[in-house]
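What follows is a set of notes on a single structure, which appears directly below.
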Amino acid sequence: MQITKMKWIAAIVPAICIGLFEFARHKFLHVISMDWGNVLVAVLTGIIFILFSHGIFALMENLYGKLQQEKQETAVLQERYRIARNLHDSIAQSLFFMNVKIMEIEAAWKNQQEPLSAINELREAIRFADTELRQHIFALQTVALDDNINLITAIQNHLRQYEAQTGAKIDFIITCDNEIPFSAYERKQLFHIFQELLFNIRKHAAATQVIVSLSENNEAFTMTIADNGKGFVAADNLRQKQSFGYKMLEQDIRSIGASLTLTSIPGTGTTVTVTKTKKRSYRHDH
């Protein structure tokens, strides 16, 4: 039932029922005493209130169920888009590169030339694709295991996997409570942001050291990720909004009302800070 109809029912039905009962009571006053009439009015009012409340709560439960379903469907679509983009950025490009190298090996073989260089590049591309695929699978498993994730534990596990696969030195600094004071959706989005930042360090920075720090004060929670990689001209990069996974990053950050600051100098490294203001109450408008 639509809310508009419920509003009209709430306004009209109780008045009609009580009015009809009062009419009947006065019409047959010799049958129903005043005291019993008052009792029956109270009973009738209670019955109407119970029935109406039941309808209202049933409507609310139905709307809440639809909202939860829409949220889940939206989350699935977001994950599909994220996976498609990551696969395109890494696996698809690696496969294209491998195909090119195979053609170079075939051409060298036909021309009786030494294809060792192309073979080495092909081997490196296969290794890279295998590592990237494992990373994507791990990222999906990390989120899929528990929708209500513990942000610190999820980041620790992800960093441990990243360190094992890349050999980079990882420093994880925690100066906040173990329970991050945000909703499950906000924590999940913060983890997605962290994954995206780390993925781009791995893909573009060639860093040998990554420092991740989580801190908070009375007003905000801050996540900082710094690397000693190649760096880039940050202002130009932000204007282009293409590299650094900016589109998805911006969407995730906007969805939880956070902010991002980036500092980078070519040859020195990059530092990204994500700040999420604390609120007394949290709601997910998604």
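Please treat every number below as a calculation from the coordinates, not as lab data. All of these numbers come straight from a predicted model, not from anything done at the bench. Backbone-built Cβ (ideal geometry, glycine too); neighbour counts: all protein chains shown.
Segment Arg80..Ile47, full-extension length gain: 6.9 nm, with 0.36 nm per residue of separation and the alpha-carbon distance subtracted. Annotation: extensible slack from Ser183 through Ile265 equals 26.0 nm (criterion: 0.36 nm per residue apart, minus Cα-Cα distance). Separation of the alpha carbons by more than 22 angstrom is noted, of Lys5/Lys66; Lys71/Lys203; Lys230/Lys278; Lys203/Lys276, for Lys71/Lys203; Lys230/Lys278; Lys203/Lys276. Under the simplified labelling scheme, the Trp8-Lys278 pair shows an inter-label distance of 4.9 nm, with each label point 7 Å from Cα along Cα→Cβ.
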